[in-house]
Amino acid sequence: MDSAAAAAAKRVQIEKAHNFMRQYRDPESRELKKLSANQFMDVWAHYDKDGNGYIEGTELDGFLREFVSSANATDISPEAVTDTMLEELKSCFMEAYDDNQDGKIDIRELAQLLPMEENFLLLFRFDNPLESSVEFMKIWREYDTDNSGYIEADELKNFLRDLLKEAKKINDVSEDKLIEYTDTMLQVFDANKDGRLQLSEMAKLLPVKENFLCRQVFKGATKLTKEDIEKVFSLYDRDNSGTIENEELKGFLKDLLELVKKDDYDAQDLAAFEETIMRGVGHDKHGKISRKELTMILLTLAKISPEDEQ
């Protein structure tokens, strides 16, 4: 490496240490360059310092300071963004990008903010969440081909390949690029770093529009009505058979489990939960839930006794 190249490399290292975002801006226009999947992962890992899946608190402050100051043609320090400026910036920024209004940036929101390879961006599906956890469980069954209770790297690659096929983009993506996308998605969503995706991790990659059971009505704040119960029943009884079964039942149990376990559950948790719930309604043999049994579960969930309801 000649002395000029060495000096340039050293300058990039200093800039990177001083302001991580500066390396991704065009030196002339100061516009952000299009990030590869690996570069996006580097940005995410740099700012999500505690690895909890969110850029929040001091991480978010640091990101915003560097994001703004890196756009400046002169090498100003991130600290040049005053606290007052930061608060105003955060308010505008979160209004624009914090879609779920939780006061923090998740991976999907960052993917909308940073310019990225179009094909990689497609894999985040933030414009097209699943209708319900029933659809999620059908996809899970389709891609967990060895029934291991996990989506391993090869199964995830097949899932991503099919997503790109669906978007008519698969011909634009080489096998090497698909492997890169798979590795990146694993790094992003594999929270416990075991090299595969468990149920709760796949649920982050493939979000559902809404967990209906999270609504306040199911938390004892108000009385459940027949309409509420009917709405829930029709949400899960997708084939209108009059019972909730198979993937419908698994989807319902996944939503229930999310209320209890939040961000960390796997297929074994779901199976144990199913056994408990089915035993609780007194029908642990047939693997189906009727309207009456669903009503019992929802009343228990809302801590309203059947006598009160009547």
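Descriptive notes on the structure:
- What separates the Cα centres of the range 184-198 and the range 76-106 is a distance of 28 Å.
- Sorting THR58, THR276, THR295 by solvent-accessible area of protein heavy atoms yields THR58, THR276, THR295, largest first, with a 1.4 Å probe.
- Computed over protein heavy atoms with a 1.4 angstrom probe, the accessible surface ordering of SER132, SER29, largest first, is SER29, SER132.
- Counting only protein chain heavy atoms and rolling a 1.4 Å probe, the accessible areas of PHE67, PHE120 rank, largest first, as PHE67, PHE120.
- Among the protein heavy atoms, those of TYR47 account for about 10 Å² of accessible surface (1.4 Å probe, every chain in place).
- To put it simply, the accessible area of the range 33-138 at a 1.4 Å probe is 49 percent carbon and sulfur.
- Computed on the range 119-205, with alpha-carbon pairs under 8 angstrom and 6+ residues apart, the relative contact order is 32 percent.
The values are calculated or read from the model by the stated rules, or taken from the named source; none is laboratory data. Not measured: the values here are computed from a predicted model. To get the accessible areas, we keep the full protein, side chains included, count just its heavy atoms, and leave off ligands, DNA and RNA. Shrake-Rupley method; radii C 1.70, N 1.55, O 1.52, S 1.80 Å.
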